[in-house]
1. Out of Phe355, Phe333, which single residue is within 16 Å of the ligand (Cβ to nearest atom), open to solvent by 10 Å² or more (accessible area, probe 1.4 Å) and in contact with a helix residue (DSSP H, G or I) (Cβ under 7 Å, 6 or more places away or on another chain)?
2. For Pro382, work out the one condition from (1) out of contact with any helix residue (DSSP H, G or I) (no Cβ under 6 Å at 6 or more places or on another chain); (2) within 16 Å of the ligand (Cβ to nearest atom); (3) open to solvent by less than 30 Å² (accessible area, probe 1.4 Å); (4) under 30 Å from Met71 (Cβ atoms) it doesn't fulfil.
3. Which of the residues that make up region 196-240 are open to solvent by less than 30 Å² (accessible area, probe 1.4 Å), modelled with pLDDT under 80 and outside any loop (DSSP other than H, G, I, E, B)?
4. Does Val151 satisfy being touching a residue at least 24 places away in the same chain (Cβ under 8 Å) and open to solvent by 60 Å² or more (accessible area, probe 1.4 Å)?
5. Scan region 269-284 for residues that are in contact with a helix residue (DSSP H, G or I) (Cβ under 6 Å, 6 or more places away or on another chain) and away from the ligand (no atom under 11 Å from the Cβ) and jot them down.
6. Taking region 174-195 as the region of interest, how many residues are free of Cβ contacts under 8 Å to residues at least 12 places away in the same chain and open to solvent by less than 60 Å² (accessible area, probe 1.4 Å)?
7. Got a number for residues in region 306-330 being touching a residue at least 24 places away in the same chain (Cβ under 8 Å) and in a helix (DSSP H, G or I)?
8. State the number of residues belonging to region 78-106 that are open to solvent by 40 Å² or more (accessible area, probe 1.4 Å) and either part of a helix (DSSP H, G or I) or free of Cβ contacts under 8 Å to residues at least 24 places away in the same chain (or both).
Amino acid sequence: MKFKIIFAVLLVLDFCYKLLKVYLSNRQKDKPLPRNVRDVYDAERYKLWLDYSAERKKLALWGSAIRLVLMLALFTTNVLSVCYHWLPGNEYTKFILLIALYLLVNTLIGIPFQYISQFKIEEKYGFNRMTHKTFVKDMVIGFVLEYVLDVALYSVIFGSYSFLGVYFFPAAFGGIAVILLVSNMFSGFFRRLFNKLSPLPEGALRNKLQRLFEKSGYRLKEIYVMDASKRSTNVNAYCGGLGKFKEIVLYDTLVDHYTEGQIVAVFAHELGHFKHRDTAKLLLGSLLNFLIILGAITVMVMLPQIGSAFGFESNGLLFAMLVVLFSDILGLFSTLLMAGVSWFSRKMERRADAFAASNGYGKELISALKKMSGDDFADLNPHPFVVAMEYSHPPIHERISLIEKKQRKKH
Ligand SMILES: [Zn+2]
């Protein structure tokens, strides 16, 4: 009983955190916008943005509330153990069937929310470019990929525990590190399951990007343009992959609607990431996340009374893995960890901006950032607490001030 109460409290606290975020950003609405971003929206568009963000927040909150009810139902009763005993096969097959069942339920509950988000809200404000066919295809491929990755990760934990008992930690961590590394190396391959990537055509833009790249001491293998516009009007560019498999990818929405100067400036920012090996560092961040997960599993294995409180007498490990799979119970812990990772990520973004600015692309980068936030309907003045907890990029006004400061220093 005691552990059921603890789990329920953790779930409710996680939901309270989500409520707090909505409360803070609602209060932030009444504050004046920072001076350097006031020209991004005109009054009418700002009003539209307020409606848009209110609708999105409401939908997200409904989603969290329904999830909370479901998780409370699962983790204050013995439903999971009933399911487990009902499934056929041995301990391992039962578990991978449970993962499938969980992902299926999770996906089914998610569908109406994602549908409303994409085809009602995004559509209403003119951001949706997705057809129903792409929506279904994304769901199916996403489900299969997630299932394969989950089964691989949890099989490593299951296997190491069967062989090493309570000393499974280092082996499991090593195995997970290898899986993450390999899936990161092939991130280009995974991306191609969802999108078409074609080389940027020869021409002035390509030459400029190539020259910038070589000037920084790199040999460029390929620049790709991704057909992001088949989903939404969102604009982005990134460099992904590790080692030889690195690639720079520009969204077609960027290539089609931004000036050459702006694209080169965005590219210079990406080059800054490249120079500082930021992809590899972010990978370390996600490995840290698994330290928490493995830590939580170890605690639950060492305290078998937790599993037996939910009807998992002899197989505490399976129950522990289910708890981390239904990640909400550890929600608060991952939120704290994410705050650390986001802090690092914002630091990297500032450095990439500084790199672009010190190479003379500051002015164009500012104009690209402003156009991007306008086009993507970005939050121009997020609450500092929310930024600190989960923003991977500093808010736009902060980025602009920093680039301007860097430029002043340069002159
Ligand atoms: Zn960046």
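The values are calculated or read from the model by the stated rules, or taken from the named source; none is laboratory data. Bear in mind that the values here come from a model prediction, so they are computed numbers and not experimental data. Reconstructed Cβ throughout: ideal geometry from the backbone, glycine too, with neighbour counts over all protein chains shown. Note: accessible area is taken over every heavy atom of the protein model, side chains too, but ligands, DNA and RNA are not part of it. Shrake-Rupley method; radii C 1.70, N 1.55, O 1.52, S 1.80 Å.
1. Going through Phe355, Phe333 in turn, just one is within 16 Å of the ligand (Cβ to nearest atom), open to solvent by 10 Å² or more (accessible area, probe 1.4 Å) and in contact with a helix residue (DSSP H, G or I) (Cβ under 7 Å, 6 or more places away or on another chain): Phe355.
2. Exception for Pro382: condition (2).
3. Across region 196-240, the qualifying residues are Ser232, Cys239, Gly240.
4. Taking the combined requirement at face value, the residue does not satisfy it.
5. Across region 269-284, the qualifying residue is only Leu283.
6. 1
7. Total meeting the criteria: 14.
8. 15
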